[in-house]
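Chemist: First the structure, then my questions, so here it is.
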Amino acid sequence: MFKIAVLPGDGIGREVTPVAVEVLKKAARVFRFELEFNYGLISEDAYEKYGHPLPEETMELCRSSQAIILGAVGSPKMDRLPPELRPERAALLPLRKMLGLYCNLRPVKAYPELLNASPLKNELIKDVDLLMVRELTGGLYFGEKYRRTREDGEEIAGDNLEYTKSEIRRILEFAFSAAGSRRKKVTSVDKANVLTSSQLWRETAGELHEAYPDLELEHMYVDNCAMQLVKYPAQFDVLVTENMFGDILSDQASVLAGSLGMLPSASLGGEVALYEPAHGSAPDIAGQDQANPLATILSVAMLCRYSLQSEEAARAIEQAVAKALAKGYRTPDLMSNGMIQIGTEEMGNLVIKEIEQSNGV
Ligand code: IPM
Ligand code: MG
């Protein structure tokens, strides 16, 4: 039995997660997987029940599962807590770190149906198909942090950006091997003109590249990359970068797919894998059946691909999403003229119907 921990979390996480779970259940029936779903608390609900946003019960559930589906964390109520208890820092990051999930994959593809949903010109984005490989358990997010008042009375705060060579190597290796089954190009993004950690990053990429003679390796400064992503995004195949650069660039890249609500993610590298949409909990639209569930649905497609090793199931879900979009259905974030606006649940039901229709169930 394949065990999946489901952590809906906060805000729209509570709406998009159940919808994606239903899609996965449908795929499981079609492709004959035996899945067991167990629900756990994270962030606000967990804090209310256990006094901590990531209680041991939830960690235990995650450790005893093979995959985790996470909605989103972050809520106005949790924002009022001291930083060390806020769910981003006290739940999401420790979860990634403790489970060894150093490799975060964020694929960005232009859907022909959504070209008009992006503020960028159609001809610029129509051939976009890139994979952002973000290092997820090191760098600025996890380096030493401090905040104090100096002798001269000035307040000072800092975060250390640190990487070991092996941390750099393992994420680059992942990127190189991913590029091998794609268009064979790796863009390693750094700030080696300024940062020492980036110099080690760039050197390591150069060394590793020797083992992959059929791949092209390109180094790019992060500021240039931000520009290139809007100027000529189709040039990219696999982008690999450190944690914080990857956080920023992946939000930017999501615009190529029409909306942050379309960007799935998989976090790999440990014994259990985590699947979550790249967007946040969006408290402003939570509880209104307005959230786009497709990022989470596409994340469960990634679960099929990477954890269940079923390319077939992954494609069936992805194609069902494309078909629902092709028929003109849109959540508010994707709305454009002449399209049919629907809510979170209805979008989920449409995707399920498409899976049924294409697979004779
Ligand atoms: C993401 C999110 C998180 C991150 C936040 C919620 C801590 O923005 O997954 O990209 O910065 O990693
Ligand atoms: Mg982010």
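The values are calculated or read from the model by the stated rules, or taken from the named source; none is laboratory data. The model shown is predicted, which means the values in this text are computed figures rather than measured ones. For neighbour counting, all protein chains shown are included, and Cβ atoms are generated from backbone atoms with ideal geometry for every residue, glycine included.
Chemist: From the list K165, K97, which residue is surrounded by fewer than 21 Cβ atoms within 10 Å (Cβ to Cβ), under 19 Å from V240 (Cβ atoms) and in contact with a Ser or Thr (Cβ under 9 Å, 6 or more places away or on another chain)?
Modeler: Exactly one of K165, K97 is surrounded by fewer than 21 Cβ atoms within 10 Å (Cβ to Cβ), under 19 Å from V240 (Cβ atoms) and in contact with a Ser or Thr (Cβ under 9 Å, 6 or more places away or on another chain), namely K165.
Chemist: Do you know which residues across region 52-96 are within 16 Å of ligand 2 (Cβ to nearest atom), among the hydrophobic types (A, V, I, L, M, F, W, C) and outside any helix (DSSP H, G or I)?
Modeler: Hits for region 52-96 are L70, A72, V73.
Chemist: I've got another one for you. Could you name every one of the helices (runs of 4 or more DSSP H) located completely within region 118-237 that has at least 2 residues being β-branched (V, I, T) and out of contact with any Cys (no Cβ under 7 Å at 6 or more places or on another chain)?
Modeler: Once the helices (runs of 4 or more DSSP H) in region 118-237 are filtered for at least 2 residues that are β-branched (V, I, T) and out of contact with any Cys (no Cβ under 7 Å at 6 or more places or on another chain), what remains is 196-209, 222-231.
Chemist: Also, quick follow-up: Being surrounded by fewer than 18 Cβ atoms within 10 Å (Cβ to Cβ), at pLDDT 95 or above and not hydroxyl-bearing (S, T, Y) is true for just one of Q309, Q290. Which residue is that? Reasoning before the result, please.
Modeler: Values: Q290 fails: surrounded by fewer than 18 Cβ atoms within 10 Å (Cβ to Cβ).
Among Q309, Q290, only Q309 is surrounded by fewer than 18 Cβ atoms within 10 Å (Cβ to Cβ), at pLDDT 95 or above and not hydroxyl-bearing (S, T, Y).
Chemist: Hey, another quick one. I'm checking my understanding of the structure. Among residues of region 225-265 that are within 11 Å of ligand 1 (Cβ to nearest atom) and charged (D, E, K, R), which one is surrounded by the most Cβ atoms within 10 Å (Cβ to Cβ)?
Modeler: In the first step, residues of region 225-265 are kept if they are within 11 Å of ligand 1 (Cβ to nearest atom); the result is 243-244, 246-251, 254, 260, 263, 265.
Next, only the ones that are charged (D, E, K, R) stay: 247, 251.
On the way: D247: 19, D251: 15.
Within region 225-265, the match that is surrounded by the most Cβ atoms within 10 Å (Cβ to Cβ) is D247.
Chemist: Follow-up. Among the residues of region 66-82, how many are more than 11 Å from ligand 1 (Cβ to nearest atom) and over 17 Å from E48 (Cα atoms)? Let's see the steps before the verdict.
Modeler: Initial filter on region 66-82 (more than 11 Å from ligand 1 (Cβ to nearest atom)): 66-69, 71, 75-82.
Narrowing the set further to residues that are over 17 Å from E48 (Cα atoms) leaves 66-69, 71.
Total satisfying the criteria: 5.
Chemist: Take the conditions of a type in the set (A, V, I, L, M) and surrounded by fewer than 20 Cβ atoms within 10 Å (Cβ to Cβ) and apply them to A175. Does it pass?
Modeler: no
Chemist: Please work out which one of (1) closer than 24 Å to P119 by Cβ; (2) surrounded by fewer than 17 Cβ atoms within 10 Å (Cβ to Cβ) is the condition R315 fails and give its number.
Modeler: Unmet for R315, out of (1) closer than 24 Å to P119 by Cβ; (2) surrounded by fewer than 17 Cβ atoms within 10 Å (Cβ to Cβ): (1).
Chemist: In the list A28, A110, which residue meets the criterion of being surrounded by 15 or more Cβ atoms within 10 Å (Cβ to Cβ), over 28 Å from E167 (Cα atoms), at pLDDT below 95 and not hydroxyl-bearing (S, T, Y)?
Modeler: A110
Chemist: Within region 52-63, is there a residue that is more than 15 Å from ligand 1 (Cβ to nearest atom), crowded, with 22+ Cβ neighbours inside 10 Å, touching a residue at least 12 places away in the same chain (Cβ under 8 Å) and not β-branched (V, I, T)? Don't jump to the end; show me each part of the working.
Modeler: So in region 52-63, the residues more than 15 Å from ligand 1 (Cβ to nearest atom) come out as 52, 55-63.
Still in the list and also crowded, with 22+ Cβ neighbours inside 10 Å: 58, 62.
Filter once more, so that each one left must be touching a residue at least 12 places away in the same chain (Cβ under 8 Å): 58, 62.
Now drop any that are not not β-branched (V, I, T), which leaves 62.
Looking for residues that are more than 15 Å from ligand 1 (Cβ to nearest atom), crowded, with 22+ Cβ neighbours inside 10 Å, touching a residue at least 12 places away in the same chain (Cβ under 8 Å) and not β-branched (V, I, T), one finds at least one in region 52-63, hence yes.
Chemist: Report, by residue number, each residue of region 66-82 that is within 24 Å of L263 (Cα to Cα) and surrounded by 14 or more Cβ atoms within 10 Å (Cβ to Cβ).
Modeler: Q66, A67, I68, I69, L70, G71, A72, V73, G74, S75
Chemist: What is the number of the single condition among (1) surrounded by fewer than 21 Cβ atoms within 10 Å (Cβ to Cβ); (2) assigned to a helix (DSSP H, G or I); (3) not β-branched (V, I, T) that L303 does not meet?
Modeler: Here L303 clears every test but (1).
Chemist: Specify which of the listed residues (R150, R134) is loosely packed, with under 14 Cβ neighbours inside 10 Å and not small (G, A, S).
Modeler: R150
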